[in-house]
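Engineer: My structure is below; once you've seen it, I'll send some questions.
The values are calculated or read from the model by the stated rules, or taken from the named source; none is laboratory data. Source: prediction; values computed, not measured. All Cβ positions, glycine included, derive from the backbone under ideal geometry; neighbour counts span all protein chains shown. All accessible areas refer to the heavy atoms of the entire protein, side chains included, with ligands and DNA or RNA removed. Shrake-Rupley method; radii C 1.70, N 1.55, O 1.52, S 1.80 Å.
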Amino acid sequence: MTRGRLFFGLLTITLLAVVLFTVRNQKTATFTDNATAVTIAVSTTPLSAPFYVARELGYFNQAGLDVKFLEVAGGSACFQMMMSGEADMATSSNSVIMFNGFNEVPFSVLASFVSSDNDIKIMARTSSGIDSPKDLAEKKIAVVKGSASDYFLYSYLAVNGVNVDSVSVVSMPPDHMPLALHRGEVDAISAWEPYAYESLNKKSSAVHLLPSKGIYSLTFNLVARPDSLTKDAQHRVITALHNAVTYIAHNPHKAKEIVLRHLALNPKQLNWAWQDYSFKLSMNRAFLVSLESQSRWAISNGMVDKDRLPDFTSYIDTRVLSQVDTSVIGM
Amino acid sequence: MSINARLLVLVVASVLLTLLIAAATAINLKAQDDNHKRVEKSSEIQLGISLVRTYFNMHERYKDRKSIENAIAQHHRLRDAINDLNNAVGNELVYINSIRQNIEGLSFLLEEMLSVHSGGELSEIDIKVHQHLLDRMNNNLLAMADDGFRLSHYTLSNSWSSTKKSSYIVATVLFLATLLTIYIALKTLYVFRDNINKLHLGIEKTSSGQLDADIYISENNELSELAKNLNRMQENLKRTMITNDELQQEVSERTRELENQKKNLKNIAEHDNLTGLPNRGFFLEALKHTLDRCERQKSIAAVFFIDLDKFKHINDSLGHDVGDIALKNMATRFQSVLRKSDLLARIGGDEFTVIAEPLESPEDAALIADKLLQSLAPACTLNGNLHYLHCSIGISIYPDDGIDCNSLMKHSDSAMYKAKQINGNSFLFYNRSMTDEVIYKIQLEAELRSAILHRQFEVFYQPQIDLTTNKLFGLEALIRWRHPEKGLTLPINFIAHAEERGLIIDIGSQFVGQVFSQFSQWKEQTNDCILAINISIQQLTQNDFVKNLERKLNTFNIPGELLELEITEGHLIHDIETTLEQLKALKHLGITICLDDFGTGYSSLAHLKRLPISKLKIDQSFIAGFIDNPENKAICQTIIALAKALKLSIVAEGVETNDQAENLKLAGCDQAQGFLYSRALPAEKIHELYFNQS
């Protein structure tokens, strides 16, 4: 009897061991090398949530990476840090990529990790009598000149059949916009988050939002200098981000908590912006089309001193992404 | 655990396994169904996106309001479909969320486009707006198409991996459950097999009669109960077996008793009630067996017929009771003097019979008869008075007096009758001469014993003359018995009987002592006179003969070289092997061995060569006719020639005439003795003739 029990026990233990070993192996087998050091310039915005989540949940470590964040305000600054060699990678918006595409500096866009078709918003003073897009004619509107804010206003007016020349465009830094709108220095602003939210929530100010969801898609992208990292390191970074976006899709509240721990935001503010975010790793024709549309605008408005569209496909490198995510079709 | 419980567990395990298999199949089916639904939904979404794109493309081409309306309707269905998707797995949610975002964006753009196309003809501004909206919508739809494709991809791959995973889990659980069931089944089987095996072995042992097979089953179940019962059954059987043993013992005791009774009955049938001695029937039967044996062994036996003298007188005067006492008394006395091998029987009235066997000679029978007579000599107390009982004994000898029971009984009876007629209290052989001879021999033996005791033997010496010198060569010592009644008796009348009865040893020993004592006195006067003594073969074969002789020679200081031992040729040849060593020992002492009566014993030349003899004595029968009978002369001459050839000296006895002496001398004979020279003379005479120097 004892011998039988012992045999059975041993058999069960062996089977469990085999099952556990197999399951664990499947998870960790890919990265067993020594940790690779990677420095990433990360923009301090909720859009960088996949990076914070990946770091917090140890996805970078699991992928065999020793990741260091250089946290900077704005994708443009991140891009500069990357180009200066301070960082191996950077998080940058499509606008930044568009302008740098004209500069013909060597960089690669590896993947988009978030998009929002409602991040830049038109906020209007109620007292200015702006109820619909048509009311924007003859009004004073603040933009960040040469940025997505500028392009968004252009698109918004065009889609709504308002002549761009009929509005008076004022350029100012984004952080000044809420106050300027509040003080009545301008009638409306084309501002991105969190400034749109700030303007809406300034005390004793009657500001309202003009609906514009779908007019412009802002994307945040992972860019890298082509020579800075091996394909293997890129592969590891993208694998970690892939896990992070899946986690965010399933656990939005926990993801927001992680972001709140890293950025000085109030939860309402984060929720306001978050509802329009779509976290996913992608690289598709829509991205390319959007870059090209923005480029054409930049050329026609003299934002760049070039008169031809750059070949953005040469900046886009989907090889690593399509290895990590087989559903990526690429260009 | 009981067998019932084991079987119940096995059945329950089997049922559970079956239920588990059914449940697993159902769960798997459900999972597959869910997966299938998800795949279906994602395909539906992809299809919806494609339809919106189709309407978009139509509007792009025709710039019509209808396409936009259709696109809006389709867009609503798409929104409903995507909101229906609530069991997304893994990455699917990423794309579902993305599609949702894009649907919202598209919704705004479609409404805008519809408002552009609300009025009839498009103004210039409207056309511009229319174009801008087309660009935005195109971009939006591109992104959605990409998401739709990726959603389908992940739905498919996730559903496949979830199917795989659930299949693995189900397979593992089923495997473990099957393993557990198999284990329980094997365990049950093992218990069954082991227990039944033990039972089988135990029962097999028991059935072969071994009742010590203790069946032990460690488990506590129905079979162990069965084993216990079997053990109990064995114990009971064992107890029953013991009873059988006792029964057997009882039976054998009874059988023994019966056999004893049978034996007793046989005893009663074969024995005489009064004396307890065998009766006539038994006696005759025993006699028959004895005669058969004697015939086989060529031996002799004697039948005695004993009758009490004047028994009728005792019976008549003292009564039958006293007569019976007398008979019992007799029987006891007879029995006490008979040997164990003899058989005493009472064949009726005052008649007793005896089978005396084995016997060396009829004399033995006579001795036994004498003992029987002697046994009655002491007085017997009958009825308070002393009485002297006597009997008469008749003896018949097998095979001389008959070879069958009847004749032997008849002859012994008639011999007894004659003995009674003579005077009673005596025995008679059926053959009268045998009676005389036996009586003579018995008497002779008694006399010889007396002679030994009273030293009645005397030594006579006959001189032996050297034929060359005609002087005394030696003296042959010859025995004579000074019988108190018959006077001087020659050895021929008693030596043979003395040898037969074993008395020759004592006689010879006494004789040698006498001779040596006498000869030692004469030795001083004559140094070279030989002393010849006759030795019986019985003496020679005595173990200590040589030792005793040597001691006596030393005692009387007689050198062995002076002693000559004469041994009869015939006797020596019969027992050559046993005597050879003795003869050699004698020769070693310097003693001369002379073969006596040579020519009568058929000794072969080979024997002559082997025996350590130095001298031959020609028998007097040859010497007697030496002169007249040429054959005797030739024999003598041949013997002498033979002796010469073998380097033996030779002596002739019974020489009576000078002629004989001369001729023997001529023939080469060394010495002679006989009446020509001197008779055998008493010691005093010899002393006077030869050793009286003074």
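Engineer: Reported to two decimal places, what Rg/Rh ratio describes the range B:348-451 when computed on Cα atoms with Rh from the Kirkwood expression?
Structural biologist: Radius of gyration relative to Kirkwood radius: 1.01.
Engineer: Give the span of the range B:441-483's Cα atoms along each principal axis, as three whole-Å numbers ordered largest to smallest.
Structural biologist: On the principal axes, the range B:441-483 reaches 48, 19, 11 Å in Cα extent.
Engineer: Hey, got the average number of other protein chain Cβ atoms within 10 angstrom for residues in A:153-163?
Structural biologist: Working: counts 0, 1, 3, 1, 2, 8, 13, 7, 13, 2, 2.
Taking the mean over all residues of the peptide, I get 5.
Engineer: Once Rh for the range B:130-173 is found with the Kirkwood sum over Cα pairs, what is the Stokes-Einstein diffusion coefficient at 10 °C and 1.306 mPa s, in µm²/s? All intermediate terms of the calculation are to be shown ahead of the outcome.
Structural biologist: On the way: Rh = 12.9 Å.
Estimated via Stokes-Einstein, D reaches 124 µm²/s.
Engineer: Can I ask one more? In whole Å, what are the extents of the range B:229-386 along the principal axes defined by its C-alpha atoms, from largest to smallest?
Structural biologist: 85, 48, 24
Engineer: Give the average, rounded to an integer, of partner chain Cβ atoms located within 10 angstrom of each Cβ in B:115-128. Intermediate values should be presented prior to the final figure.
Structural biologist: Values: counts 2, 3, 0, 0, 0, 0, 0, 0, 1, 1, 5, 1, 1, 4.
Average neighbour count from other chains, rounded to a whole number: 1.
Engineer: Any chance you could give the angle, 0 to 90 degrees and rounded to 10, that helix A:231-250 forms with the longest Cα principal axis of chain A?
Structural biologist: With rounding to tens, the tilt is 80 degrees.
Engineer: Another one. What are the extents of the Cα atoms of the range A:17-161 along their three principal axes, in Å, largest first?
Structural biologist: Per principal axis, max minus min of the Cα coordinates gives 73, 37, 22 Å.
Engineer: If you take the alpha carbon radius of gyration of the range B:509-567 and divide it by 2.2 N^0.38 Å, what ratio comes out, to two decimals? The partial results should precede the final answer.
Structural biologist: Numbers: Rg = 11.2 Å, N = 59, 2.2 N^0.38 = 10.4 Å.
Relative to the 2.2 N^0.38 Å estimate, the range B:509-567 comes out at 1.08.
Engineer: Something else now. Stick to Cα atoms and the Kirkwood definition of Rh, then tell me Rg/Rh for the range B:464-509.
Structural biologist: Details: Rg = 15.0 Å, Rh = 12.8 Å.
Result for the range B:464-509 is an Rg/Rh of 1.18.
Engineer: For chain A, what are the per-bin percents of Cα-Cα distances with bins 10 Å wide, up to the bin holding the maximum?
Structural biologist: Going out from 0 Å in 10 Å bins, chain A shows 5, 24, 30, 21, 10, 5, 3, 2, 1, 0 percent.
Engineer: As an exercise, identify the chymotrypsin sites (Phe, Trp or Tyr not before Pro) in the range A:224-331 lying in DSSP coil whose Cβ has no more than 13 other Cβ atoms within 10 Å.
Structural biologist: Numbers: sites: A:247, A:272, A:274, A:277, A:279, A:287, A:297, A:312, A:315; in loops: A:315.
Passing sites in the range A:224-331 do not exist.
Engineer: All other residues with a Cβ under 15 Å from the Cβ of residue B:13 taken together, and with Lys, Arg as +1 and Asp, Glu as -1, what is their net charge? Mind dumping the intermediate values first?
Structural biologist: Working: positive: B:6, B:187; negative: none.
Result for the local shell: +2.
Engineer: Something else about it: Please give me the summed charge of the neighbours of residue B:91: other residues whose Cβ is under 10 Å from its Cβ, Lys and Arg +1, Asp and Glu -1. Could the numbers behind the result be given before it?
Structural biologist: Numbers: positive: A:280, B:150; negative: A:325, B:92.
With Lys, Arg at +1 and Asp, Glu at -1, the neighbours total 0.
Engineer: Another question, then. Quick one: what do you get for the range B:610-694 if you divide its Cα Rg by 2.2 N^0.38 Å?
Structural biologist: Working: Rg = 14.6 Å, N = 85, 2.2 N^0.38 = 11.9 Å.
Against the compact-globule rule of thumb, the ratio is 1.23.
Engineer: Hey, another quick one. What Kirkwood hydrodynamic radius do you get for the range A:157-214 when you take the inverse of the mean 1/r over all pairs of distinct Cα atoms, in Å? All intermediate terms of the calculation are to be shown ahead of the outcome.
Structural biologist: Working: mean 1/r = 0.0812 Å⁻¹.
Over the range A:157-214, the inverse of the mean reciprocal pair distance is 12.3 Å.
Engineer: Anything over 18 Å Cα to Cα? Flag those among A:213/A:254; B:584/B:615; B:617/B:647; A:202/A:254; A:213/B:63; B:617/B:644, in the order listed. Display every interim value, and only then the final one.
Structural biologist: Numbers: A:213/A:254 26 Å; B:584/B:615 14 Å; B:617/B:647 14 Å; A:202/A:254 28 Å; A:213/B:63 23 Å; B:617/B:644 13 Å.
Long pairs (Cα-Cα over 18 Å): A:213/A:254; A:202/A:254; A:213/B:63.
Engineer: Per-residue ellipticity at 222 nm for chain B, helices alone: DSSP H runs ≥ 4 residues times -39500 (n - 2.57), over residue total, nearest 500 deg cm²/dmol? Kindly include the intermediate steps, with their values, before the conclusion.
Structural biologist: Details: 22 runs with 436 residues, N = 694.
So the helix-based figure for chain B works out to -21500 deg cm²/dmol.
Engineer: For n ≥ 4 DSSP H runs only, could you compute -39500 (n - 2.57) per run for chain A, divide by its residues and tell me the 222 nm figure to the nearest 500? Could you put the intermediate results ahead of the total?
Structural biologist: Values: 13 runs with 145 residues, N = 331.
Using -39500 (n - 2.57) per qualifying helix, the result is -13500 deg cm²/dmol.
Engineer: What is the percent carbon and sulfur in the accessible area of the protein assembly as shown, measuring with a 1.4 Å probe over the protein chains and ignoring ligands? It would help to have the intermediate numbers written out before the result.
Structural biologist: Working: 27160 of 50610 Å².
Of the solvent-accessible surface of the protein assembly as shown, carbon and sulfur hold 54 percent.
Engineer: With a/c under 1.5 counting as rounded, go ahead and sort the range B:552-668 into rounded, prolate or oblate using the C-alpha gyration tensor (a ≥ b ≥ c being the square roots of the eigenvalues; past the cut-off, prolate if a/b is larger than b/c, else oblate). Walk me through the numbers before you get to the answer.
Structural biologist: Working: a/c = 2.32, a/b = 1.59, b/c = 1.46.
Prolate is the answer for the range B:552-668, as a/c is 1.5 or above and a/b outweighs b/c.
Engineer: Which of A:180, A:168, A:244 sits farthest toward the positive end of the charge dipole of chain A, with +1 on the Cβ of Lys and Arg and -1 on the Cβ of Asp and Glu?
Structural biologist: A:244
Engineer: Return the average number of partner chain Cβ atoms within 10 angstrom of each residue Cβ along peptide B:90-101. Working shown, then result.
Structural biologist: Working: counts 3, 10, 3, 7, 13, 5, 2, 8, 9, 1, 1, 12.
Taking the mean over all residues of the peptide, I get 6.
Engineer: Rounded to the nearest 100 Å², what is the sum over both chains of accessible area buried where A meets B, with a probe of 1.4 Å?
Structural biologist: Numbers: alone 16040 and 37940 Å², together 50610 Å².
Counting protein atoms only, the buried area is about 3400 Å².
Engineer: Over all pairs of distinct alpha carbons, what does the Kirkwood formula give as the hydrodynamic radius of the range B:278-362, in Å? Write out the running numbers ahead of the final one.
Structural biologist: Working: mean 1/r = 0.0716 Å⁻¹.
Result for the range B:278-362 stands at 14.0 Å.
Engineer: What's the ranking of B:549-557, B:415-423 by average number of surrounding C-beta atoms within 10 Å, highest first?
Structural biologist: Values: B:549-557: 15.4, B:415-423: 17.7.
For the peptides B:549-557, B:415-423, the packing ranking is B:415-423, B:549-557.
Engineer: As an exercise, take the mean of 1/r over every pair of distinct alpha carbons in the range B:399-501, invert it, and state the Kirkwood radius in angstroms.
Structural biologist: Details: mean 1/r = 0.0577 Å⁻¹.
Result for the range B:399-501, one decimal place: 17.3 Å.
Engineer: Something else now. I want the local charge near residue B:510. Using Cβ-Cβ distances under 14 Å, sum +1 for each Lys or Arg and -1 for each Asp or Glu among the other residues. Please report the intermediate quantities before stating the final value.
Structural biologist: Working: positive: B:449, B:455, B:480, B:482, B:552; negative: B:458, B:506.
Surrounding charge for residue B:510 is +3.
Engineer: I'd like to compare B:681-690, B:510-519: which one has the highest average count of other Cβ atoms within 10 Å, and what's the full order after that? Before the final figure, lay out each step's value.
Structural biologist: On the way: B:681-690: 15.9, B:510-519: 19.5.
Put in order of decreasing packing, that is B:510-519, B:681-690.
Engineer: I've got another one for you. Explain nothing, just the number: relative contact order of chain A, from Cα pairs under 8 Å at least 6 residues apart, as a whole percent.
Structural biologist: Values: 570 pairs, mean separation 81.7, N = 331.
Computed over chain A, the figure is 25 percent.
Engineer: Please identify the GluC sites (Glu not before Pro) of the range B:95-195 that satisfy two criteria: DSSP loop assignment and at most 10 other Cβ atoms within 10 Å. Which are they? Please list the in-between numbers first.
Structural biologist: Working: sites: B:104, B:111, B:112, B:121, B:124; in loops: B:121.
Passing sites in the range B:95-195 are B:121.
Engineer: While we're looking at this one, here's another question. Going from the alpha-carbon gyration tensor of chain B, what semi-axes, largest first and in whole Å, does one get by taking the root of 5 times each eigenvalue? Present the calculation step by step, with values, prior to reporting the outcome.
Structural biologist: On the way: eigenvalues 4556, 436, 72 Å².
Three semi-axes, in Å: 151, 47, 19.
Engineer: Regarding the range B:497-612, what whole-number volume in Å³ per residue does the convex hull of its Cα atoms give?
Structural biologist: Details: hull volume 12.2 nm³, N = 116.
It comes to 106 Å³ per residue, whole-number rounded.
Engineer: Moving to a separate point now. Could you pull out every residue, at least 5 positions away or on a different chain, whose amide H is within less than 5 Å of the one on residue B:458? Hs are placed 1.01 Å off N in the peptide plane, and Pro or chain starts have none.
Structural biologist: So residue B:458 has HN proximity to B:480, B:481, B:482.
Engineer: Semi-axes of the equivalent ellipsoid for the range B:74-214, please: Cα gyration tensor eigenvalues, times 5, square-rooted, ordered largest first, whole Å.
Structural biologist: Values: eigenvalues 1302, 23, 11 Å².
Square roots of five times the eigenvalues give 81, 11, 8 Å.
Engineer: I've got another one for you. When the Kirkwood radius is taken over all Cα pairs of the range B:2-155, what Stokes-Einstein diffusion coefficient follows at 25 °C and 0.890 mPa s, in µm²/s? All intermediate terms of the calculation are to be shown ahead of the outcome.
Structural biologist: Details: Rh = 18.3 Å.
Estimated diffusion coefficient is 134 µm²/s.
Engineer: Then there is this: Using the Cα atoms of the range B:23-87, I'd like the radius of gyration and the largest Cα-Cα distance, Dmax, both in angstrom.
Structural biologist: When restricted to the Cα atoms of the range B:23-87, Rg and Dmax are 16.6, 57 Å.
Engineer: Bins of 20 Å, beginning at zero and ending with the bin holding the largest distance: percent of Cα pairs per bin for the protein assembly as shown, please.
Structural biologist: 9, 20, 12, 8, 6, 5, 6, 12, 14, 8, 1
Engineer: If packing is taken as the average number of other Cβ atoms within 10 Å across a peptide's residues, how do B:158-170, B:666-678 rank, most packed first? Please report the intermediate quantities before stating the final value.
Structural biologist: Values: B:158-170: 15.2, B:666-678: 19.2.
Ranking, from highest mean packing down: B:666-678, B:158-170.
Engineer: Now, a different point. Over all directions, what mean area does the Cα convex hull of the range A:177-271 project, stated in square nanometres? Don't skip to the answer; put the middle values down first.
Structural biologist: Details: hull surface 36.1 nm².
Orientation-averaged projected area of the Cα hull: 9.0 nm².
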